[in-house]
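Q: I am attaching a structure below and will ask some questions about it afterwards.
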Amino acid sequence: MNEYAEFDWRVHQMQNERLCDVSRKRLTDGDRQRALDGLKEAVDSSLNLALRDKSRCQDDHFLRRFLYTSKFDVQQSFELLVRYHQYRREHPELWAPADGGVLRALADGLPGVLAQRDRRGRCVLLMFASNWTPHACPLVSVFRALLLTLERTLVETQNQANGYVMIVDWTEFTFKQSCSLQAKTLKMMIDCLQDCLPVRFKSIHFIGQPWYVETALAVVKPYLKAKTRERIVLHGNNLSTLHDSLPLDILPAELGGEGPSYNSELWLQQFCRFENIDTPPAQVSTKVAKDKDLPAAKVDKAYKQKDNGNFSFHGNEKSAKSELLRDKD
């Protein structure tokens, strides 16, 4: 905590305790403004090298991201702000402008963003794991696509306040694909998403996860905070439990919802407009779809299956043994 020693937190200790008590009930505009003023004062008086460029910290809307995440506790918000900037200094490549790998990931629904929120006003993110092609789209590109998506959606105050729900669809995710989940990249992702981003993940739903994904999760769990572990829900092939948490009318057909099949190009186009990317998103998805072995082609095939009245979300499940034999070949 030496890095925070230059600011006397005792001045705000009583105010923070009051704000924490109030936040359990309801914060007033005055409470939020006092917390914002306290955070700005802490930034202005800080000598921490991570905050040597304080230009962005003059943006009230940007600072509120950290206040919402920390429930308007000024000290916790400041510490998160420092970790965020420190992480960006250590990994500047992650926040570089979107390249072909990022656009490829977004075209494959890694991640996707639902157009409608859930009943609690939370933004719903999707990850279609089986669409991932490691040799064409490295795991770090998927991570960058997720980071840039979060940065873009955090512009909306409602996402700062209400947080996110993530659904990871592991259906048809192969053992061969799982072998490309590099431990170093996974650790980097955990450190960032859990400790360095002003993001509130309210729940993370896994569906269709095979045994090797559950094994990987068991290995990763010791590195997760207790609150994060509690918010990961494993549904397997039982979509009814997912539907108990999220309304059917906002979910796409792939997840047993009442909506149409998920169209990843909608978020891709919106993302490109935000980032002022001239490359038409249609070119990205067209290139992907030309190769039948690539994810976009798999998604198109899945959409056609779901239009078939005989299609079942619970049918045609491959055994782990046959999966391993197929990947070995």
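Q: Tell me yes or no: at least one residue of segment 198-215 is acidic (Asp, Glu) and closer than 26 Å to residue 269 by Cβ.
A: No, because not a single residue in segment 198-215 is acidic (Asp, Glu) and closer than 26 Å to residue 269 by Cβ.
Q: Taking residue 19 as meeting all but one of (1) modelled with pLDDT of 80 or more; (2) crowded, with 19+ Cβ neighbours inside 10 Å, write down the number of the exception.
A: The single condition residue 19 does not satisfy is (1).
The values are calculated or read from the model by the stated rules, or taken from the named source; none is laboratory data. Remember, it's a predicted structure, so these values are computed and weren't measured experimentally. No Cβ is skipped: glycine too gets one built from the backbone with ideal geometry, and neighbour counts run over all protein chains shown.
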